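Worksheet: one structure, shown below.
The values are calculated or read from the model by the stated rules, or taken from the named source; none is laboratory data. Keep in mind that this is a model prediction, so the values were computed, not measured. Cβ coordinates were reconstructed from backbone atoms using ideal geometry, including for glycine residues, and neighbour counts include every protein chain displayed. Ligands, DNA and RNA are excluded from the accessible area calculation, which covers all protein heavy atoms including side chains. Shrake-Rupley method; radii C 1.70, N 1.55, O 1.52, S 1.80 Å.
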Amino acid sequence: MNGADTAWIIVATALVLFMTLPGLALFYGGLVRARNVLSVFMHCFAIACLMSILWLVAGYSIAFGGGTSGFWGGLDKVMLIGVTADSLSGTLPEILFFAFQMTFAIITPALIVGAYVERVGFGFVLTFSGLWMLLCYAPVVHWIWGGGMMSDGGIFGETGVRDFAGGIVVHETAGLAALIIAVMLGPRRNRTTPPHNPGFVMIGAAMLWVGWFGFNGGSQLAADGGAAMALTVTHISAATASLSWALWERIKYGKASLVGLVTGTIAGLASITPASGFVGPAAALLIGAVAGILCQEAVNLVRNWLRIDDTLDVFAVHGVGGIFGTLMIAVLGAGSWVAQLGGLVFVGLFTTGVTIVLVKVVALVTPLRVDAETETNGLDLSVHGERAYDMSS
């Protein structure tokens, strides 16, 4: 065990949990109507709780168990069987590696929340998220990060898929699942309401930005120059994408908005994520500059051309950003075109199939969508019996 590595990953674990609670909750919560903000908080918090338990029960074993099939890790580490305080994973205590990866398993299904807010059943959110993490996310983790079939020497040859911190594993899977659910769920009854609290959106985005240092810098799994470089390029890409989004918005619409600026931040963070361990600051500048414009145009495509109500633009920002960053690894010569493209296609098809099946199966057990009256009155009071803002008190 290396003490410095261990100390850094303990901090990084806390930072990645901070991304979901409270960062993502505030970012998403500010974007919805006032009558639905508590439901978004509820979704993010409950998903964090449930994924933690499921990651302990089976998720970690599926992703990082000792299975030799290449497709999944098996069940030898269910409930952390055989993992003690003295067990090691590289230079880290394995229990810490478990906890660090658990925070990734929390935020990935939580990202999907943005696609279905304001109209989804709470029972569906928890049931789908739990099954999706175990049956979609965890196997993909094994393929790319757990020594599975897409790693070096696997189905793509000597050089496997390069995905430093989750361009494919986190952002492509969550983005595609979000798009599919949005299509199957159908649009909101009222799609024209503006964000109720842009201040929440900015605060949440700022928390995500800070937490992302643990997300990308921690993925080095060591306290060394590689972690420092990953942290630095993450910051540069986020800063550049924020400005390129705002500038493009100013050119197109005459005004640059706060919500647009901070959405650009998230686009830059998602885009640098897969490449953050393989590129330098100049490349991060390029990735961020393109991401701010590319993801903004993807928002326009999904909303206005395809007419899909991916409410908070999960696919356009996270999915497109993660895919773009994954391809840039090959563009910049840090990975194989065959592996990067093959990984995107294979994981994309797998995610699409699993998500469609799970939505249909879970909808047989618990309602996919709330009724029209509940949607009109808002989920906060109708589903959870609470109001975010009581103006009479």
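Just a few scattered comments:
- Filtered residues of region 329-350 (kept if in contact (Cβ under 8 Å) with a residue 24 or more places away in the chain and either buried (at least 24 other Cβ atoms within 10 Å of the Cβ) or assigned to a loop (DSSP other than H, G, I, E, B) (or both)): Ile329, Leu332, Ala334, Gly335, Ser336, Ala339, Gln340, Gly343, Val347
- So Ala46, is it open to solvent by less than 30 Å² (accessible area, probe 1.4 Å) and either at pLDDT 95 or above or over 18 Å from Leu131 (Cβ atoms) (or both): yes
For (1) under 30 Å from Tyr389 (Cα atoms); (2) touching a residue at least 12 places away in the same chain (Cβ under 8 Å); (3) touching a Pro at 6+ places or on another chain (Cβ under 7 Å); (4) part of a helix (DSSP H, G or I), each residue gets a yes or a no:
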{"position": "Thr193", "(1), (2), (3), (4)": "yes, yes, no, no"}
{"position": "Gly199", "(1), (2), (3), (4)": "yes, yes, no, yes"}
{"position": "Val210", "(1), (2), (3), (4)": "yes, yes, no, yes"}
{"position": "Ser219", "(1), (2), (3), (4)": "no, yes, no, yes"}
{"position": "Arg250", "(1), (2), (3), (4)": "no, no, no, yes"}
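- Unmet requirement for Ser69, which otherwise passes all of (1) surrounded by fewer than 21 Cβ atoms within 10 Å (Cβ to Cβ); (2) in contact with a helix residue (DSSP H, G or I) (Cβ under 9 Å, 6 or more places away or on another chain): (2)
- Those residues of region 82-141 which are surrounded by fewer than 20 Cβ atoms within 10 Å (Cβ to Cβ) and of a type in the set (D, E, K, R), in sequence order: Asp86
- Residues that are among the polar types (S, T, N, Q), in contact with an Asp or Glu (Cβ under 7 Å, 6 or more places away or on another chain) and in contact (Cβ under 8 Å) with a residue 24 or more places away in the chain do not occur anywhere in region 51-59.
- Some residue of region 2-12 being over 25 Å from Cys136 (Cβ atoms) and crowded, with 21+ Cβ neighbours inside 10 Å: yes
- First in region 142-170 and over 20 Å from Gly65 (Cβ atoms), second anywhere and modelled with pLDDT under 95 and among the aromatic types (Phe, Trp, Tyr), Cβ under 7 Å, 6 or more apart: none
- In the set (1) buried (at least 23 other Cβ atoms within 10 Å of the Cβ); (2) among the hydroxyl-bearing types (Ser, Thr, Tyr); (3) assigned to a loop (DSSP other than H, G, I, E, B), the condition left unmet by Thr326 is number (3).
- Filtered by the rule that a residue be acidic (Asp, Glu) and open to solvent by 50 Å² or more (accessible area, probe 1.4 Å), region 213-260 gives a lone residue, Asp224.
- Considering only residues in region 198-212 that are surrounded by fewer than 19 Cβ atoms within 10 Å (Cβ to Cβ) and of a type outside the set (Val, Ile, Thr), the one that is nearest to Ile236 (Cα to Cα) turns out to be Ala206.
- Among the conditions (1) surrounded by fewer than 18 Cβ atoms within 10 Å (Cβ to Cβ); (2) at pLDDT 95 or above; (3) not in a helix (DSSP H, G or I), Ser393 misses just one, which is (2).
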